[in-house]
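Student: Quick one: structure below, then a few questions.
Each reported figure results from applying straightforward, stated rules to the coordinates on display, with no laboratory input. These numbers come from a predicted model, not from an experiment. Every residue, glycine as well, gets a Cβ built from its backbone with ideal geometry; the counts of neighbours run over all protein chains shown.
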Amino acid sequence: MQRKAYAPVAALAAAVLTVGLASGCSTGSGTTGTGEDPKSGESSPSATAAQPGKFQTLPEPCGKVSRKTLRTMLPGVDDQSDQDAEKTYDGQPALTYDTDRRVGCRWSLEGPDGPRHLSVDYERVVSYDPEVSDDDRARQLYEARASV
């Protein structure tokens, strides 16, 4: 029986990629020779860029709420054992996948009057519109969420 000849997959993929890059990088077609950008988008030279936001990072949320506030919001926290009280005061960081944009912390306490929960979330807003500042965009988002 005679074996069939075959090209290794990696070599074949490299050959196809090379041919694709060579044919996709041609120049000269579609240019007018004037040196102008043929794209349809137009940018205004007189447009001014908005100021960036005040904050480049977010605070650590579990450390931002004082013990006095936690005692007020979660009555009975001091009635727990020292170890449980410390765990309650420490809080539980919220699950987030982008800590540059959103962070949070949650505190919970089972008390005689039922469960009590407190959560604090911070979100850093970034405006992708060069004419709208980050602070203005944050204000717009806040107003939209507050009116719901």
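Student: Within a Cβ distance under 12 Å of GLU143, other residues only, what is the Lys/Arg minus Asp/Glu net charge?
Tutor: Value of the local net charge: +2.
Student: So, counting K/R as plus one and D/E as minus one, what does the shell of residues with Cβ under 13 Å around GLY111 add up to?
Tutor: -3
Student: Let me ask another. Long-range amide H contacts for TYR122: which residues qualify at under 5 Å (H placed 1.01 Å from N, peptide plane, sequence gap of 5 or more or a different chain)?
Tutor: Under 5 Å from the amide H of TYR122 lie the amide H atoms of VAL103, GLY104, each far enough along the sequence or on another chain.
Student: Taking amide H atoms as placed 1.01 Å from N in the peptide plane, list the residues 5 or more away in sequence, or in a different chain, whose amide H sits under 5 Å from that of GLY111.
Tutor: Amide H neighbours of GLY111, under 5 Å, 5+ apart: ARG116.
Student: Of the GluC sites (Glu not before Pro) in region 78-148, which ones lie in a loop per DSSP and count no more than 14 other C-beta atoms within 10 Å?
Tutor: The qualifying sites are GLU131.
Student: Ok, one more. Please state the shape class of region 61-108: rounded when a/c is under 1.5, otherwise prolate if a/b exceeds b/c and oblate if not, all from the C-alpha gyration tensor.
Tutor: prolate
Student: How charged is the neighbourhood of GLN80? Take every other residue with its Cβ under 15 Å from the Cβ of GLN80, and add Lys/Arg as +1 and Asp/Glu as -1.
Tutor: -4
Student: Moving to a separate point now. Evaluate the distance, in nm, between pseudo-label points positioned 7 Å from the Cα of SER108 and of GLN56 along their respective Cα→Cβ axes.
Tutor: Using points 7 Å along Cα→Cβ, the separation is 3.7 nm.
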